[in-house]
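A short write-up of the structure that comes next.
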Amino acid sequence: MPTASETQQRYAAYALLAIATLAVYAQVHDFEFVNVDDPDLLLNLGNALAAQGDTHGAMARYQRALAANPNLALAHNNLGYLLAREGEAEGAIAHYQQALRMGRADEAIGHLDKALEANPGFAQAKSKLAAAKAIRDATARQGLPQ
């Protein structure tokens with residue numbers, strides 16, 4: 001019986017294969033209904049690559065998605081997470097800040113908490129965490145989505 005992690009990786013592999021097959025087929029047959037530069041497609045492809053452990057491939061897809069649509073909060077959040085895992089704190093924080101500005105405070109807080117667990121002395125993450133919590137609290141008081 002496969003573990004939950006193995007099952008998740010298997011489904012991610014199937015999703016990645018389906019997306020890649022559709023993109024190649026669309027290019028070969030010049031279909032207009034599939035835009036291989038569609039930011040949502042790139043975001044989903046990045047998610048599938050990340051689930052497969054291809055961090056650099058996922059980051060490249062998130063960056064392409066953001067080039068096509070800089071307002072994709074989830075792409076900023078996911079890219080920030082991967083950059084933090086790669087030790088690129090400055091880039092991670094910049095993307096977390098973008099996600100926060102777009103209403104993804106809770107996700108950014110979760111990732112900043114993880115960054116502080118890994119490096120409790122990371123002063124910039126501490127200040128960004130405080131700012132993220134302040135934004136979350138302010139939006140909650142105003143009844144805005146978080």
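Residues in the range 82-131 that are part of a loop (DSSP other than H, G, I, E, B) and touching a His at 6+ places or on another chain (Cβ under 9 Å): 3 in all. Number of residues in the range 97-131 that are in contact with a Lys or Arg (Cβ under 8 Å, 6 or more places away or on another chain) and either assigned by TED's automatic domain parsing to the domain that holds Tyr62 or of a type in the set (S, T, N, Q) (or both) equals 1. Among Ala92, Ala50, Ala67, which is at pLDDT 85 or above, surrounded by fewer than 17 Cβ atoms within 10 Å (Cβ to Cβ) and aliphatic (A, V, I, L, M)? After ruling out the rest, the residue left standing is Ala67. Inside the range 38-58, residues that are over 17 Å from Ala68 (Cβ atoms) and among the polar types (S, T, N, Q) make up a count of 2.
The values are calculated or read from the model by the stated rules, or taken from the named source; none is laboratory data. Given the structure is predicted, the values throughout are model-derived calculations rather than measurements. Please note: Cβ atoms are built from the backbone with ideal geometry, for glycine as well, and neighbour counts cover all protein chains shown.
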